[in-house]
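Structure first, commentary second.
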Amino acid sequence: MIRKAALLTLLTALLASPAGMAGTAVAAPPGRVAAAAPADPLLVSEITPEVVRTPAAPVTVAGTVSGTPGSSVRVAVRYSRGRPFASRTEMAAYLAEQGYGTTNWSTRIQATPLDQSGKLPFRFTVTPQELGLPRPGVYPFEVEVTDAATGQRLGIKRTFLTYAPKGQQIPTVKLAVALPLVDRPHRADDATFMDDDLSGSLASGRLASLLQTAQDTGDGVTWFVDPALLDDVRVLSSGPRSVKGTRKAADPAAGQWLNGLRSALTDKTVVATPYGDPDVAALVHHGLDKQAAASVQRGAALATELLGREIRGTTAWPAGGKIDRDAVDELAMSGVTSVLLSGDALPPRAATQDGQPVLPPAPTTPDAAARLDTVAENPVTALLADPTLSTLLGGDVSAPGTAMLARQRFLAETAMIAFEQQSQRTGQFGQFGQVGQTGQTGQDTTAKTASRTVIAAPESHLWTPDPAFVSGLLQAASGAPWLRMTSLDSVKAGRAGTPRGDLTYTDRDRQAELSRSYLATVRKLERKADAVATVTEEHTDVFHTAILRLASASWRGDGKRAVSFAGQVQKAIDDRIGHVSVLDTPRAVAGSNGQVPVSVANNLDKDIQIKVRVTSASKSRLAIDRPGGVYVTPTTRILAGRSQLVNVPVIVRNEGGDASISVQLLTDADEKYGSAVRVVVRATGYTGIALVIVGAAVVIMLAAVVMRVLRRRSRKAFPFDGPRDEEGPPGDRPGAVPAERTQSP
């Protein structure tokens, strides 16, 4: 029984006392707005203990009312005597003021003027016995402040008191927490950072908070790590980098962050997201299935390399926690065995008869795992995060007092799930007694309901955590008598799970995907990147990861930045393609047919394997001497830093003149490599005149030869009768006696 007079006296003294401790959420009452009007006049900064464990234990509630100095306010504390909530639906209705009603409300009101600083600290202490909490459960509790003169509400805070007395068994709820360690890409191609935001985030921003959260949380948390983020950090720390064309030195803080993360995750469960945390649904819907599969394979391999231990990538966490059947099938074919989704992505199904629902869905919280059949041999497990718990875990708690109320509600929600199980076992939903005692049938029903599992996961992958809030929440959850922390990979679909409908993927979900036009650009770049990779003998995937980063789900709603990154990747690809080129130097060919030499230069640092396809761009003057008018060379090896000549057979038509041929480089798989190049060919076409000139020259040459032969024959027919000038004087001939020796003395 509550001693009303004594409690009222206590509240009066405490509300007037300046000794209370609280935050500083402030707002002026309506009609008395000051120049710097505070936003919220009521701050509840303390409710201890968070879980009430003994009937006589004091419960302390404290806070601050702020407003116009000297104005009078009424602070009301309300609670329900004897009636706990019957379901989580009632809890939500109570918070939203949507028709929830209760009986036996008790109210304590005290009108008190604010002091000269415009503040009124309040604190009161009361026991569960005085509050009239007769049995375990979750009870409504609220603090309201009104204007004492007008009665107008100035602020209200609604929360819960969870009563779980010692010595009374409460069903266990297994809690799995998944946290994302993901960021948007910062590099376009592998050598170019598009901004310097990563350094700031690692030092004192969002990524610094994520590292602190990883260090502060225990082993029960499952971390989803994007290897693309780790890769960006590694590049940032390993050496000079280009930031929009400016060379910058390595960032040693990045290396410290990466080492700190490795240490923080040493004993924790880690799952690799697909590389770049891609928008899998969008990729599948727009024909980029190959890229979706590649991101899964690349993610696990790179995470294993960068974290120094085996990291699996068999659990996918799609953007927004939503996915459809086509995307699930693609993930299953890529080796994924489970998907983490929002709980409303696979809602419970009502019982049906002749295709019509006959009963509403069960009012209790369903188990967190369900089975999804796919085109793959084995089914995929759908891991379903509770939407309310996920919102509380990942919500904004920057406002004073918000973290405390969020933690209080998180515990109350999970306790209500445990009490739901208890009520199912006793067969009296909302009127539960002590677990382990007999129900109305006189039989112990404790073991008839399996322990339930719930999952909490922030709704956004780009969540910015408050490390103190997250660690405090998980510490409180670990200490709750009905909760047992577990890893995500331990959550399995039971045989007797809650019946569920099909995956829900609405038009709004599709509209949130990366756009068709943007993904068309990504597909075009992927083809060009494949050509760059296959033209080298080693099939070097120079731009493979850059293309995967372009498909990141973080580009949702950030189309301008995404297009900028895609433009940089295209520039880098085109620049590399330009290192293998066709020289467009004009060529000449004479006659009605012949060969035109085409030169291909390889300025890469690797040997390439290339084909050359040539067609005529001026068919009326010049034709390619091959069936169909197309000449394709066999695959030709061109050494690094060298050029190669290819002779193209042509036929000159009509009078000749300047013509052109189109030269297209091809990969070994006949994919285009770069753009076609036009080479000018100068063809004379005067083949008849050329033959006449050559023939006349031959006749003249033959005539000269005949004349010379006849002349030599005529010389042999006459004897020699005198010295020949060309043979010299007789004395110079062999065997002749010198003239002076023939003379007499």
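The values are calculated or read from the model by the stated rules, or taken from the named source; none is laboratory data. Values in this document were obtained by computation on a predicted structure and should not be read as measured data. Because the Cβ atoms are built from the backbone with ideal geometry, glycine has one as well, and the counts that use them run over all protein chains shown. When the accessible area is computed, the model is the full protein with side chains, heavy atoms only, and any ligands, DNA or RNA have been set aside. Shrake-Rupley method; radii C 1.70, N 1.55, O 1.52, S 1.80 Å.
Within region 438-460, identify whether any single residue is at pLDDT 95 or above, more than 29 Å from the chain's Cα centre (by Cα) and open to solvent by 30 Å² or more (accessible area, probe 1.4 Å), and answer yes or no. The answer is no, given that none of the residues of region 438-460 is at pLDDT 95 or above, more than 29 Å from the chain's Cα centre (by Cα) and open to solvent by 30 Å² or more (accessible area, probe 1.4 Å). Listed by first and then second residue, the pairs with beta-carbon distance under 9 Å, at least 6 apart or on different chains, first residue in region 516-529 and without any contact (Cβ under 8 Å) to a residue 40 or more places away in the chain, second assigned to a helix (DSSP H, G or I), are K524/Q570.
State the number of residues belonging to region 53-110 that are at pLDDT 85 or above, outside any loop (DSSP other than H, G, I, E, B), closer than 28 Å to K166 by Cα and charged (D, E, K, R). Looking only at that region, the number is 2.
Pairing each residue of region 386-405 that is on the phi > 0 side of the Ramachandran plot with any residue that is surrounded by fewer than 21 Cβ atoms within 10 Å (Cβ to Cβ) and part of a loop (DSSP other than H, G, I, E, B), provided the two are 6+ apart or on different chains, yields C-beta distances under 8 Å for G401/G23. Output the number of residues of region 156-172 satisfying the condition of being open to solvent by 40 Å² or more (accessible area, probe 1.4 Å) and in contact with a helix residue (DSSP H, G or I) (Cβ under 6 Å, 6 or more places away or on another chain). Qualifying residue count for the region: 1.
How about region 381-433: which of its residues are modelled with pLDDT under 90, in a helix (DSSP H, G or I) and farther than 26 Å from K492 by Cβ?
T426
Taking each residue of region 570-595 that is closer than 16 Å to R678 by Cα and of a type in the set (A, V, I, L, M) and looking for partners that are in a strand (DSSP E or B) and open to solvent by 70 Å² or more (accessible area, probe 1.4 Å) with beta-carbon atoms closer than 6 Å, six or more apart or interchain, yields A588/R682.
In region 474-525, which residues are of a type in the set (A, V, I, L, M), closer than 30 Å to A403 by Cβ and in a helix (DSSP H, G or I)? Walk me through it before giving the result.
If we filter region 474-525 for residues that are of a type in the set (A, V, I, L, M), which is where we start, we get 474, 476-477, 480, 483, 485, 488, 491, 493, 496, 503, 512, 514, 519-520, 522, 525.
Keeping just the survivors that are closer than 30 Å to A403 by Cβ gives 474, 476-477, 480, 483, 485, 488, 491, 512.
Selection gives L474, A476, A477, L488.
When N593 is evaluated against the numbered criteria (1) open to solvent by 50 Å² or more (accessible area, probe 1.4 Å); (2) under 32 Å from the mean Cα position of the chain (by Cα), which criterion, by number, is the only one it fails? Condition not satisfied by N593: (2). The strands (runs of 3 or more DSSP E) falling completely within region 615-705 that include 1 or more residues that are of a type in the set (K, R) and modelled with pLDDT of 75 or more map to 636-638, 677-683. Do we have any residue at all in region 147-155 that's more than 29 Å from Q568 (Cα to Cα), open to solvent by less than 20 Å² (accessible area, probe 1.4 Å) and of a type in the set (A, V, I, L, M, F, W, C)? No, region 147-155 contains no residue that is more than 29 Å from Q568 (Cα to Cα), open to solvent by less than 20 Å² (accessible area, probe 1.4 Å) and of a type in the set (A, V, I, L, M, F, W, C). Checking each residue in region 331-350 for being open to solvent by 20 Å² or more (accessible area, probe 1.4 Å), closer than 17 Å to L384 by Cα and among the small types (G, A, S) picks out only S342.
Quick one: is T540 part of a helix (DSSP H, G or I), hydroxyl-bearing (S, T, Y), within 30 Å of L645 (Cα to Cα) and in contact (Cβ under 8 Å) with a residue 12 or more places away in the chain? So that I can check it myself, show each step before the final result.
On the way: part of a helix (DSSP H, G or I): no; hydroxyl-bearing (S, T, Y): yes; within 30 Å of L645 (Cα to Cα): yes; in contact (Cβ under 8 Å) with a residue 12 or more places away in the chain: yes.
So T540 fails the test.
Can you spot a residue in region 663-677 that is closer than 15 Å to Y631 by Cα and touching a Gly at 6+ places or on another chain (Cβ under 9 Å)? There is at least one residue in region 663-677 that is closer than 15 Å to Y631 by Cα and touching a Gly at 6+ places or on another chain (Cβ under 9 Å).
Scanning region 599-643 for residues that are within 15 Å of V679 (Cβ to Cβ), in contact with a Ser or Thr (Cβ under 6 Å, 6 or more places away or on another chain) and open to solvent by 60 Å² or more (accessible area, probe 1.4 Å) yields a single hit, S643. One residue stands out among those in region 53-90 that are touching a residue at least 60 places away in the same chain (Cβ under 8 Å) and within 19 Å of A403 (Cα to Cα): the one that is surrounded by the fewest Cβ atoms within 10 Å (Cβ to Cβ), which is T60.
Within region 547-567, is there a residue that is modelled with pLDDT of 90 or more, more than 20 Å from E513 (Cβ to Cβ) and either in a loop (DSSP other than H, G, I, E, B) or acidic (D, E) (or both)? So far as region 547-567 goes, no, none of its residues is modelled with pLDDT of 90 or more, more than 20 Å from E513 (Cβ to Cβ) and either in a loop (DSSP other than H, G, I, E, B) or acidic (D, E) (or both). Of everything listed in (1) surrounded by fewer than 18 Cβ atoms within 10 Å (Cβ to Cβ); (2) at pLDDT 90 or above; (3) closer than 17 Å to A669 by Cβ; (4) not polar (S, T, N, Q), the single unmet condition for K528 is (1). In region 215-240, the residues that are more than 18 Å from K268 (Cα to Cα) and modelled with pLDDT of 95 or more form Cβ pairs under 6 Å with partners that are among the small types (G, A, S) and surrounded by 23 or more Cβ atoms within 10 Å (Cβ to Cβ), at six or more places apart or across chains, as follows: A228/G276. The residues in region 54-80 that are under 15 Å from L154 (Cβ atoms) and among the hydroxyl-bearing types (S, T, Y) can be counted, and the count is 5.
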